[in-house]
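These notes concern the structure reproduced below.
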Amino acid sequence: MTDAASTTALMRKAYARWAPVYDVVYDKLTEPAARAAVAAAMACGPKVLEAGVGTGLSLGYYPAYAEVTGVDLSEDMLRRAQEKVKLRGFSHVKSLQVMDVTKLRFPDQTFDAVTAQFLITLVPDPEAALTEFARVLRPGGEIVLANHFGQERGPLAKIEEISAPLVAKIGWSSDFKASRIEAWAARHGGMQVVELRSLFPAGFFKLMRVRKVT
Ligand SMILES: C[S@@+](CC[C@H](N)C(=O)[O-])C[C@H]1O[C@@H](n2cnc3c(N)ncnc32)[C@H](O)[C@@H]1O
């Protein structure tokens, strides 16, 4: 098995375990960030790609006129998203597909926005995912990320460093900084970071918008 294939297998295994309890652990904690991400994505237009849609916690925050496509590596997580779509009659969810975000099977310029909530820091090659997001976006569209990013410097960075072993136990890492995405945008060309906003709880989660300017 290649490195990439074994990482994918491990990710699927991890989320097969998470899937039954995911909503109980994360629903309330991530709701404000997910709502902010959905609002920012919808401000670009109705055609939205939810990359790493998981169990579909954010799907209920879209208006009825949205046209949402969701992708995820984990069939176990997606099955739960599919159940929500059926039970709650989400006609704005157009399709849910098993797909790796670093190998999207959509034509160029398909979406008004691509949102990835609590995903990008989990992907072994996040730049490959961002490049795919940029490819499937129409010009003027945006990548909208909601995530925890580690502080670059200052007293909070120190606290994160000290608490890292404890925080890692509950699945959050502060190693991934927002500057990694800023560096990708600068290198990629035609992509511009237009916002980095602190969110609940106490700025621990952040919203980042990257616009496809050309
Ligand atoms: C922390 S969960 C977040 C789920 C959802 N976005 C939310 O906020 O509730 C991360 C999700 O990303 C998915 N994932 C991880 N790597 C992926 C990849 N390379 N391609 C597609 N999905 C991936 C996992 O299977 C999991 O469902």
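A few remarks follow.
- Other residues whose C-beta falls under 11 angstrom from the C-beta of Val53 contribute a net charge of 0, scoring Lys and Arg +1 and Asp and Glu -1.
- Of the trypsin sites (Lys or Arg not before Pro) found in segment 37-120, the ones in coil according to DSSP and having at most 12 other Cβ atoms within 10 Å of their Cβ are Lys103, Arg105.
- Length available on full extension from Leu87 to Arg153: 0.36 nm per residue minus the Cα-Cα distance, which gives 19.2 nm.
- The listed residues Arg209, Arg135, Arg153 rank as Arg153, Arg135, Arg209 when sorted by accessible area, largest first, using a 1.4 Å probe.
- Over all pairs of different C-alpha atoms in segment 1-125, the reciprocal of the mean inverse distance, the Kirkwood hydrodynamic radius, equals 14.8 Å.
- A helix-only calculation puts the chain at -13500 deg cm²/dmol for mean residue ellipticity at 222 nm, using -39500 (n - 2.57) for each DSSP H run of at least four residues, averaged over all residues.
- The chain: radius of gyration over Cα atoms, expressed as a fraction of 2.2 N^0.38 Å: 0.97
- Cα pair distances exceeding 15 angstrom across segment 53-157, given as percent: 66 percent
- Each label point was placed 7 Å from the Cα along the Cα-to-Cβ direction; for Lys28 and Glu67 their separation is 3.8 nm.
- The relative contact order of the chain comes to 19 percent, based on Cα pairs under 8 Å that sit 6 or more residues apart.
- The calculated FRET efficiency for the pair Thr214 and Arg105, based on their C-beta separation and a Förster distance of 22 Å, comes to about 0.35.
- Surface accessible to a 1.4 Å probe, Thr30 within the full protein complex, Å²: 10 Å²
- Take Asp3: with every protein chain present and a 1.4 Å probe, its accessible area is about 130 Å².
- Residue-level accessible surface for Ser58, protein heavy atoms, 1.4 Å, Å²: 0 Å²
- Distance in nm between pseudo-label sites at Arg197 and Thr131 (7 Å out along the Cβ direction from Cα): 3.0 nm
The values are calculated or read from the model by the stated rules, or taken from the named source; none is laboratory data. Just so we're clear, the structure is a prediction, and the values are computed from it rather than from any experiment. Please note: Cβ atoms are built from the backbone with ideal geometry, for glycine as well, and neighbour counts cover all protein chains shown. Just so you know, the surface numbers come from the protein's heavy atoms only, side chains and all, with ligands and any DNA or RNA stripped out. Shrake-Rupley method; radii C 1.70, N 1.55, O 1.52, S 1.80 Å.
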